[in-house]
Amino acid sequence: MNAESKIDFIASPINRLAGELRIPGDKSISHRAIIFASLAEGTSRITGLLNSEDAKATLNVFRNMGVEIIYEDDIATIHGAGLYGLKAFDEAFYFGNSGTSVRLLAGILAAQSFDSTLTGDGSLSRRPMQRIIAPLQEMGAEIFCSEDGTLPIFIKGGQSLKAINYKLPVASAQLKSCLLLAGLYADGITRINEPQITRDHTERMLTQFGGLINRNDMTIEVQPGSLKSTDLTVPGDISSAAFFIVAGCICPGADLLLLNVGINPTRAAVIDIIRMMGGDIEIVRSDETAAEPVADIRVRYSPLKGIAIPEQLVPIAIDEFPVVMVAAAYAKGETILSGAEELRVKESDRIEAVATGLKNLGIEVHTQSDGMVVRGGEVKGGEINSYGDHRIAMAFSIAAINATAPVTIRDCFNVNTSFPGFVESANELGCNISIKTDNV
Ligand code: S3P
């Protein structure tokens, strides 16, 4: 498969879903592991790194800057360059589809001695970057993007960064992490206040690499200073597990065991939301003592009911709403999602993409600027545009499970950005998804 391949999924209804699945590495944690190991002094070994296009984007950018990374047999050995050992790259950095890579790396590149240009694919080139540009400029960075606030980003190297106190205008872990990384290079303590709790993988991992970081209520403080290498294991991605959590709930008789899933409480609200809807989800074995808690999750078929999703859970389940709304289509009554305007600026406008897709399958949906109302009903077959968004493609593959006819999902190539092997894994459990490839 290459970037020119056009891939559609045809997902057919099934009547049996059972078995165990080891969930691939967490995407957010994989990015951070590559970043911190590259910036640390010494050699780090990362086990269980996600081998996906987005993680590779981060990996390649560090390789471009001279970091030696050997990636074999599920273990990445990263010889860190130290905070000041990265080398200039004489081309533009290419971040593909990965918002996390470009936003987190901007915080680091803003502090380097060399200039850089940051680019990405069509979807990433439409996403808002002004949210990182403004505070980095306030820190003294010479960083600019195009007039409409999107890529490419240009950074003039050789600037010294000032520590700032910054109130995040949006609940975004990417923005928070960008500024925490820039804070490692600042002249004092950088303080970031977040409006709502967002995933805290950066804070946890910074501590593992010997960084000095502290949380007081909604404010995080980071001190500048060097990092020391460490070895770590990446847990399975709850965002990938979420597809099978919903699959298990909507397929009569289903019984699934999802192994090795990260259940960090700033990340795993999809479990709470689906449980509120009546989902039978059991934490079978958990290790809460690890830097990132992990568990095996058992999911069984359970009739679902619609709920009003509590707004404080939105940032900590932000990537799971495409598949949560599929669960809503199968639930009795209305599910109301609000306070989720960030979904409009993900890999696609996920409010529009989900609503259009569900309507194509015969479900009643009303959209608002910050969410939608889904009325559960009979899910029919039909054709869906994923808009090149991996999570839309996977969510609608799951929607087919108990539909009245097959669902064709267009433009699924980007499933490789977060979950290579999704179709094979789903089919091993009993799904019936076929891949149609047209090389163009
Ligand atoms: C991510 C944070 C989230 C999420 C993205 C990964 C991260 O974005 O949607 O997939 O790894 O920090 P925002 O923090 O911008 O909401």
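Before moving on, here are some points about what is shown:
- Within region 402-440, considering residues that are within 18 Å of G248 (Cβ to Cβ) and polar (S, T, N, Q), the one nearest to the chain's Cα centre (by Cα): S425
- Hits in region 153-188 - residues which are more than 16 Å from the ligand (Cβ to nearest atom) and assigned to a loop (DSSP other than H, G, I, E, B): G157, G158, Q159, S160, K162, A163, I164, L184, Y185, D187, G188
- Out of I132, I108, I143, one residue alone is in contact with a Lys or Arg (Cβ under 7 Å, 6 or more places away or on another chain) and touching a residue at least 24 places away in the same chain (Cβ under 8 Å). It is I132.
- The set of residues in region 207-220 being exposed (fewer than 15 other Cβ atoms within 10 Å of the Cβ) and either in a loop (DSSP other than H, G, I, E, B) or not basic (K, R) (or both) consists of T207, L212, N214, N216, D217, M218, T219.
Yes/no matrix, rows are residues, columns are (1) within 22 Å of the chain's Cα centre (by Cα); (2) surrounded by fewer than 18 Cβ atoms within 10 Å (Cβ to Cβ); (3) within 16 Å of the ligand (Cβ to nearest atom); (4) at pLDDT 95 or above:
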| residue | (1), (2), (3), (4) |
| --- | --- |
| I297 | yes, no, no, yes |
| P303 | no, yes, no, yes |
| Y330 | no, no, no, yes |
| L343 | yes, no, yes, yes |
| E347 | yes, no, yes, yes |
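- Among the residues listed as R191, R204, the single one being in a helix (DSSP H, G or I), surrounded by fewer than 20 Cβ atoms within 10 Å (Cβ to Cβ) and touching an Asp or Glu at 6+ places or on another chain (Cβ under 9 Å): R204
- Annotation note: Cβ proximity below 9 Å between a residue of region 245-265 that is without any contact (Cβ under 8 Å) to a residue 40 or more places away in the chain and a residue that is assigned to a strand (DSSP E or B) and open to solvent by 10 Å² or more (accessible area, probe 1.4 Å) (sequence gap 6+ or interchain) occurs for I263/I283; I263/S286; I263/V294.
- Note on region 199-227: among residues that are more than 16 Å from the ligand (Cβ to nearest atom) and hydroxyl-bearing (S, T, Y), the one that is farthest from the chain's Cα centre (by Cα) is S226.
- 3 or more residues open to solvent by 50 Å² or more (accessible area, probe 1.4 Å): qualifying helices (runs of 4 or more DSSP H) within region 1-117: 53-64
- Note on region 350-363: residues that are within 15 Å of the chain's Cα centre (by Cα) and open to solvent by 10 Å² or more (accessible area, probe 1.4 Å) total 0.
- Entirely in region 365-418, the strands (runs of 3 or more DSSP E) that have 1 or more residues that are farther than 24 Å from I238 by Cα and open to solvent by less than 10 Å² (accessible area, probe 1.4 Å): 382-385, 407-410
Here is a yes/no grid of residues against (1) aliphatic (A, V, I, L, M); (2) assigned by TED's automatic domain parsing to the domain that holds P224:
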site	(1), (2)
G19	no, no
A40	yes, yes
L49	yes, yes
S52	no, yes
N60	no, yes
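- Residues that are away from the ligand (no atom under 16 Å from the Cβ), closer than 26 Å to N260 by Cβ and among the acidic types (D, E), drawn from region 43-99: E72, D73, D74
The values are calculated or read from the model by the stated rules, or taken from the named source; none is laboratory data. Computed from a predicted model, the values in this text were never measured in an experiment. Counting neighbours? That spans all protein chains shown, and the Cβs are built from the backbone with ideal geometry, glycine included. Areas reflect the complete protein model, heavy atoms only, side chains present, ligands, DNA and RNA absent. Shrake-Rupley method; radii C 1.70, N 1.55, O 1.52, S 1.80 Å.
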